[in-house]
Ligand SMILES: *Cc1c(COP(=O)(O)O)cnc(C)c1O
């Protein structure tokens with residue numbers, strides 16, 4: 001590969017993309033093609049009826065337990081899919097990514113699985129458990145800036161200078177196809193889903209459900225953002241890729257303020273609605289999930305649950321799926337949520 005391969009190309013959104021970033025939206029077929037790889041490397045996750053949410057909504061509510069994956073979050077499905085297909089060139093040079101934690105754990109897991117060195121840039125003051133997990137998986141973790149976007153720009157620049165493979169958090173068809181396999185697993189067990197409530201940060205998870213439960217089962221796919229980090233919500237409803245003014249949410253898994261070209265493409269095509277919930281609703285949902293279902297979930301996951309709870313009787317009689325996208329909640333945030341401080 002020539003040096004030009006590592007130089008950024010013109011980007012459709014506010015992030016940096018490189019020549020190896022294919023911005024052709026992935027299809028349902030791509031998700032099926034990712035499935036054998038995901039099966040080879042990860043366990044199938046349980047789909048468990050929530051008696052609490054089912055009673056609360058007078059519906060059949062199932063939780064897709066992505067928190068049971070080895071990294072405790074759904075993103076690792078994408079990581080192994082991308083890692084398995086990595087060019088030989090990059091196996092030596094290594095991977096670099098910016099992350100608040102779960103994307104980094106996914107890339108670190110892929111690096112360990114396929115024996116590729118990994119560097120992850122995190123914002124200052126990161127979730128300490130997520131950092132320890134990335135380090136245990138063998139990644140080099142560096143605090144690089146006051147916000148995720150500062151860390152992201154640092155990682156993008158290093159990728160250009162050093163020729164690392166920059167693993168974008170959304171503009172990666174392999175990540176979307178990989179995470180989409182969760183939707184195929186749901187379909188195996190539950191062919192008639194009416195609605196899915198999925199938290200949206202960069203939108204890879206929701207895009208995966210669009211391509212599976214949306215496209216195949218005609219389920220209504222509803223994305224949910226934090227009101228304090230609603231750039232994708234605005235981009236979706238207003239039809240643009242303009243970054244927001246920053247982020248103001250303690251649910252770091254969905255604290256992104258840039259709409260990404262590829263996931264927006266899929267969502268604009270197939271997402272039925274995108275809503276926002278407040279941090280108060282998010283942490284109330286985390287607390288209720290802990291108390292009533294005895295599950296520990298991240299704030300990001302709480303967003304999907306909160307939106308379903310708010311829909312209330314609109315969901316009566318329906319079959320609803322909510323992905324438990326992650327369990328890696330920082331102890332202080334969980335304690336505050338349980339005490340009702342948030
Ligand atoms: C990343 C993440 C999300 C949001 O997923 P996107 O694909 O970025 O929209 C939701 N929940 C958790 C736990 C996450 O780590």
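The values are calculated or read from the model by the stated rules, or taken from the named source; none is laboratory data. The structure presented is a predicted model; accordingly, all values stated were derived computationally and were not measured. All Cβ positions, glycine included, derive from the backbone under ideal geometry; neighbour counts span all protein chains shown.
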Among the listed residues 100, 113, 68, 81, which satisfies the condition of being under 20 Å from residue 286 (Cα atoms) and out of contact with any strand residue (DSSP E or B) (no Cβ under 8 Å at 6 or more places or on another chain)?
-> 68
Expected single match for outside the structural domain of residue 127 (by TED's automatic domain parsing), within 16 Å of the ligand (Cβ to nearest atom) and surrounded by fewer than 24 Cβ atoms within 10 Å (Cβ to Cβ) among 311, 303, 316, 330 is 330
Sole residue being surrounded by fewer than 22 Cβ atoms within 10 Å (Cβ to Cβ) and within 12 Å of the ligand (Cβ to nearest atom), chosen from 233, 197 = 233
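How many residues does region 212-247 hold that are in a loop (DSSP other than H, G, I, E, B), within 13 Å of residue 299 (Cβ to Cβ) and touching a strand residue (DSSP E or B) at 6+ places or on another chain (Cβ under 8 Å)?
Count: 2.
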Do any strands (runs of 3 or more DSSP E) lying entirely in region 74-171 carry at least 1 residues that are within 16 Å of the ligand (Cβ to nearest atom) and buried (at least 24 other Cβ atoms within 10 Å of the Cβ), and which ones are they?
-> 95-98, 118-122
Residue 41 is checked against (1) under 30 Å from residue 136 (Cβ atoms); (2) crowded, with 16+ Cβ neighbours inside 10 Å; (3) in contact with a strand residue (DSSP E or B) (Cβ under 8 Å, 6 or more places away or on another chain) and fails just one. What number does that condition carry?
-> (3)
Would it be correct to say that residue 250 is within 16 Å of the ligand (Cβ to nearest atom), surrounded by 24 or more Cβ atoms within 10 Å (Cβ to Cβ) and under 17 Å from the mean Cα position of the chain (by Cα)?
-> no
With 86, 53 as the choices, which residue is more than 25 Å from residue 166 (Cα to Cα) and either modelled with pLDDT of 95 or more or assigned by TED's automatic domain parsing to the domain that holds residue 204 (or both)?
-> 53
Among the residues of region 44-53, is any touching a residue at least 40 places away in the same chain (Cβ under 8 Å), in contact with a strand residue (DSSP E or B) (Cβ under 7 Å, 6 or more places away or on another chain), buried (at least 18 other Cβ atoms within 10 Å of the Cβ) and in a helix (DSSP H, G or I)?
-> yes
